[in-house]
Amino acid sequence: MADPSSYRPKPGQIPDSPGVYKFRDEHRRVIYVGKAKNLRQRVANYFQDLAGLHPRTRTMVTTAASVEWTVVSTEVEALQLEYSWIKEFDPRFNVKYRDDKSYPYLAVTLNEEFPRVQVMRGAKKKGVRYFGPYGHAWAIRETVDLMLRVFPVRTCSAGVFKNAARTGRPCLLGYIGKCSAPCVGRVTPEEHRELAEDFCDFMAGRTGTYIRRLEKDMMQAAEEMEYERAARLRDDAEALKRAMEKSAVVLADATDADLIAVAEDELEAALQIFHVRGGRVRGQRGWVTDKVEAVDTSGLVEHALQQLYGEERGDAVPKEVLVPALPEDAEAVSQWLAERRGSQVSLRIPQRGDKKDLMVTVQRNAQQALGLHKTKRASDLTTRSRALEEIAEALGLDTAPLRIECYDISHLQGDDVVASMVVFEDGLARKSEYRRFQIKGFEGQDDVRSMHEVIGRRFKRYLQDKERTGEWEETPETAPAPVPAASGPVPAPALSAASPDDEPEPREDDGRPKRFAYPPQLVVVDGGQPQVAAAKRALDELGIDDIAVCGLAKRLEEVWLPDDDDPVVLPRSSEGLYLLQRVRDEAHRFAITYQRAKRAKRIRSSPLDDVTGLGETRKQALVKHFGSVKKLRQATIDEICEVPGIGRRTAESVAAALAATAPAAPAVNTATGEIIEEDDGGSP
């Protein structure tokens, strides 16, 4: 535990300007980011008597080893920089909202020649108009199905669209009148875009115009005794009304607003957001967070606004944002929101009327979400804690293994040998820490030797990180022993199939989480005694003796420890065994997925891949020009030079590469005696 007085800045050293400050721990990792109108006053508050600090703040300042700050011009700049640094450094003591699920949006791809209506999740794309988020994807599809009667916009994928254009026949929706069939030219691109824009206008809340127009056309058709057309228009109007009924009017003045409510206790907080557009609730989402810093309701609201609108621009930021408590710097936050929207944004607490009533509903949803989350978490936390305690007891560990790393080797008959590393922290998978390895010290099938290489490479990098940060200094007693030649070299880990060379040395510490900076309390290997012995030997060669090792054999689910002739047998109903099985199975899944991807890439490889400086575009141009790799192999250098973008030197390299990979003799079908013509396919 650090003494805050050991890194307290000198009096007068901190400026009294707006700015953003960072606390770092002894390993130079950023653990907290904050902003202030007056840096001197705010930072000085952290260095008062520890007894007067909030328990969470006390934990933060005693974990930190240094503090630094950046001066900015305005409070709005401080707000933006704070958001950027929290997103970049992921500090452990900052509030971070966890989205409880991936919410679907109704999206209209206005960036395409023929806009498409579809369900989208994930990051928003430029040029796409979004509506929502919705609670369920089926709710979007029901709404779209009703609206396609009136606005027959394209909903098909690019592949279906191109196939219909090629055959000259529209899909089923085109035949039943729920698509205007731009694929076969029934409407022009301009007419189809107008339909898509009308669709967006209706979804944005401008509904009365279209319904009145349909009813007027219906009456006119009836007067002209065009009863079939009048009946169709009547059904269209009813479809739009049913689509509108799916989102009831909650605000009579056609307001565009987001309502944010917070439910909290001493440890956690739940957030609910209702998105109201055109007076109707168009979407809803919820977040839950641990209160890892001393923060009140206004602070939770400010963090929520940063996360909610930090990546948004334009109409995605509404005219009104209604909150239960104003942030401390409400004026700066309002100005920041206005800059992102491009016009004035009202940030306020609703006091009376419909907006106050709706806020009560949002608050009730937040309370229910927090109660449900605590019920689930209590059960999960109890189970995970019991599992970790059982593992610690069975393996004779001093403490519960809060971080577990598991390794697995995967190959196909000795080819494409790879390894996986998965990480579980507090009994939960931490996928951002997963790593993949290519086995490069030898060729062939040897799981024991592969395991030795992977463990050695992973923990060699860990020792390098410790030495660079000053945590560990090499001495004759702690220097790692040389690795025996039989085990192969121990290079730095290759972390992806796309980078066959060793990973370059990492940059100087800047506070970002490092790849191999955190050691586990327990290493689990997929296998029995030989694999466990190989992992233990790799750690011993590096001088590491404070990390436990075990193996989980698939046959009888036995747990093997180094230097033990008999396995540890956990009860079949043991939560500890269940956790080890989940960790092992996840490592196996991750390894085999990587191995299959490498094998598929190798199978799809082309002789052109070996030509230095020949990119994917020019490969495609060569194959398209000649029709196949086989015909390209038969071409002369002068003929290859005729392809746009291919110079003489590149043509010579292409010819040499193809000549080196030419088949020695034609293949023969042994059953029929038929000579099989070579066919390199139509893609490089």
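Listed here are the residues, each with its yes/no results for (1) in contact with an Asp or Glu (Cβ under 9 Å, 6 or more places away or on another chain); (2) open to solvent by 40 Å² or more (accessible area, probe 1.4 Å); (3) part of a helix (DSSP H, G or I).
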position	(1), (2), (3)
Val549	no, no, no
Asp565	no, yes, no
Leu570	yes, no, no
Leu577	yes, no, yes
Gln581	yes, no, yes
Arg584	yes, no, yes
Thr593	no, yes, yes
Arg596	yes, yes, yes
Ala600	no, no, yes
Considering residues of segment 382-399 that are in a helix (DSSP H, G or I) and open to solvent by 70 Å² or more (accessible area, probe 1.4 Å) only, the residue farthest from Ser574 (Cα to Cα)
Thr382
Of the residues in segment 419-436 that are within 13 Å of the chain's Cα centre (by Cα) and open to solvent by 60 Å² or more (accessible area, probe 1.4 Å), the one that is nearest to Thr399 (Cα to Cα) is Arg430
Which of the residues spanning segment 426-450 are modelled with pLDDT under 80 and at positive phi?
Gly444
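Return the residues of segment 515-547 that are among the acidic types (Asp, Glu) and either in a loop (DSSP other than H, G, I, E, B) or open to solvent by 50 Å² or more (accessible area, probe 1.4 Å) (or both); say none if nothing qualifies.
Restricting attention to segment 515-547, the residues satisfying the condition of being among the acidic types (Asp, Glu) are 526, 540-541, 545-546.
Once the filter is applied, which keeps residues that are among the acidic types (Asp, Glu) and either in a loop (DSSP other than H, G, I, E, B) or open to solvent by 50 Å² or more (accessible area, probe 1.4 Å) (or both), segment 515-547 yields Asp540, Asp545, Asp546.
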Identify, please: which residue in segment 195-234 is β-branched (Val, Ile, Thr) and surrounded by 13 or more Cβ atoms within 10 Å (Cβ to Cβ) and is, among those, farthest from the chain's Cα centre (by Cα)?
Ile211
Of Gly279, Gly314, which residue is touching a strand residue (DSSP E or B) at 6+ places or on another chain (Cβ under 6 Å), surrounded by fewer than 21 Cβ atoms within 10 Å (Cβ to Cβ) and at positive phi?
Gly279
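Of all residues in segment 419-460, which are polar (S, T, N, Q) and more than 15 Å from Ala535 (Cβ to Cβ)?
Hits for segment 419-460 are Ser432, Gln438, Gln445.
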Name every residue in segment 158-173 that is closer than 25 Å to Asp236 by Cα and either in contact with a strand residue (DSSP E or B) (Cβ under 9 Å, 6 or more places away or on another chain) or open to solvent by 50 Å² or more (accessible area, probe 1.4 Å) (or both), in order of residue number.
Leu172, Leu173
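In segment 1-109, which strands (runs of 3 or more DSSP E) lie fully inside it and hold 3 or more residues that are more than 29 Å from the chain's Cα centre (by Cα), of a type outside the set (D, E, K, R) and surrounded by 17 or more Cβ atoms within 10 Å (Cβ to Cβ)?
Per the criteria, 64-71.
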Restricting segment 359-389 to residues that are aliphatic (A, V, I, L, M) and in contact with a Pro (Cβ under 8 Å, 6 or more places away or on another chain), which is nearest to Ile404 (Cα to Cα)?
Leu388
When you go through (1) assigned to a helix (DSSP H, G or I); (2) open to solvent by 90 Å² or more (accessible area, probe 1.4 Å); (3) in contact with a Pro (Cβ under 8 Å, 6 or more places away or on another chain) one by one for Arg186, which number turns out not to apply?
(1)
Could you please let me know if Gly456 is open to solvent by less than 40 Å² (accessible area, probe 1.4 Å), more than 18 Å from His588 (Cβ to Cβ), touching a helix residue (DSSP H, G or I) at 6+ places or on another chain (Cβ under 6 Å) and modelled with pLDDT of 85 or more?
yes
Can you pull out every residue in segment 368-406 that is of a type in the set (A, V, I, L, M, F, W, C), farther than 29 Å from Pro567 by Cβ and more than 26 Å from the chain's Cα centre (by Cα)?
Ala378
Name the pairs whose Cβ atoms lie under 7 Å apart, with the first residue in segment 363-377 and without any contact (Cβ under 8 Å) to a residue 60 or more places away in the chain and in a helix (DSSP H, G or I), the second surrounded by 13 or more Cβ atoms within 10 Å (Cβ to Cβ) and not basic (Lys, Arg), and 6 or more positions between them or separate chains?
none
Screening Thr297, Thr375, Thr361 for residues that are surrounded by fewer than 18 Cβ atoms within 10 Å (Cβ to Cβ) and out of contact with any strand residue (DSSP E or B) (no Cβ under 9 Å at 6 or more places or on another chain) leaves only Thr375
Restricting the first residue to segment 405-416 and requiring it to be within 16 Å of His452 (Cα to Cα), which pairs with a second residue that is open to solvent by 10 Å² or more (accessible area, probe 1.4 Å) and of a type in the set (Asp, Glu) meet a Cβ separation below 6 Å and a spacing of at least six or different chains?
Asp408/Asp526; Ile409/Asp447
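Name the residues in segment 333-358 that are surrounded by fewer than 16 Cβ atoms within 10 Å (Cβ to Cβ) and closer than 30 Å to Leu81 by Cβ, would you?
Glu339, Gly342, Ser343, Gln344, Ser346, Arg348, Ile349
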Would you mind telling me which numbered condition in (1) closer than 25 Å to Trp85 by Cβ; (2) of a type in the set (S, T, N, Q); (3) in a strand (DSSP E or B) Gln307 fails?
(3)
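The values are calculated or read from the model by the stated rules, or taken from the named source; none is laboratory data. From a predicted model like this one, the values you see are computed outputs, not experimental measurements. For neighbour counting, all protein chains shown are included, and Cβ atoms are generated from backbone atoms with ideal geometry for every residue, glycine included. For the accessible areas, the whole protein counts, side chains as well, though only heavy atoms, and no ligand, DNA or RNA atoms are used. Shrake-Rupley method; radii C 1.70, N 1.55, O 1.52, S 1.80 Å.
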